[in-house]
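Right, one structure below, let's go through it.
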Amino acid sequence: MTWMDIVLRIVVAILIGTVIGVERERKNRPAGMRTHVLVCLGACVIALIECSIAEELKSLGDTGGLHFNLGRITAQVVSGIGFLGAGTIFTARKKIAGLTTAASLWNAACLGIAAGMGYYLIAGLGCVLVIIVLLMLQRIVHVNVNKRVEIKFIHRVETIDFINHYFDEKGIKVLDVDFSVENTKDGANLYTNMYVLHLPAEVTYRDIVVTLSEHANVQSVRTTNT
């Protein structure tokens, strides 16, 4: 390898880490641009070291039966980056978050190794695919996440009929429902229903909140994670 080769591979690794990291930074994720750049750059440096060692051993000619296993050092990067990824995963309110960022860090390390080894096509194509997955896959493949929809309302019979009719009309399935009632200062009853819903592809939780909140008897509508 010449110095130009080394510089080019490092620059490619930095660009890949920057592109992936900017997307995570924009979404305010635990690991942002600098973290991804450092991971990708570090993996690139390890790959460069391994390539240099292999070239040096090759230049020695007869090494007296000495063998070098190319890929042994970089394999430790692939497995070791899991510890850093685990640091981005946290649990809050019975919900696990940070898995996507951990996966993007692991991919950044793998792409850094590809750049360090000089496989520019693989590194570039991999970077493009990672960005497509992070930015576009969720829009292309619609996955409904179950959430709780909390509805506070008055005039129980009339409002329940309206809610049930709306759910039936939109094909929304009620998986579970909890309810409670409390007395207000003016003596009226304030009802609270907590629904767990399964939505068809064409309906969003935003549609539900907007539509139900327009009814005169509905005091508030909000969504919470299950």
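Below are the figures for this structure:
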| read-out | value |
| --- | --- |
| Trypsin sites (Lys or Arg not before Pro) within the stretch 159-226, DSSP loop, no more than 15 other Cβ atoms inside 10 Å | LYS185 |
| Along each principal axis, Cα extent of the stretch 162-226, largest first, Å | 41, 23, 20 |
| Separation in nanometres of the label points that stand 7 Å from Cα toward Cβ, at HIS155 and LEU57 | 8.2 |
| Estimated FRET transfer efficiency (THR100, HIS165; beta-carbon r; R0 35 Å; 0.05) | 0.40 |
| Inter-label distance, nm, simple model (7 Å from Cα along the C-beta direction), ARG26/VAL210 | 2.3 |
| Segments 103-116, 41-54, 123-136 sorted - mean Cβ within 10 Å per residue, highest first | 103-116, 41-54, 123-136 |
| D (Stokes-Einstein, µm²/s), Kirkwood Cα radius, the stretch 98-226, 0.692 mPa s at 37 °C | 182 |
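Each reported figure results from applying straightforward, stated rules to the coordinates on display, with no laboratory input. As the structure is a prediction and not an experimental result, all values here were calculated from the model. Reconstructed Cβ throughout: ideal geometry from the backbone, glycine too, with neighbour counts over all protein chains shown.
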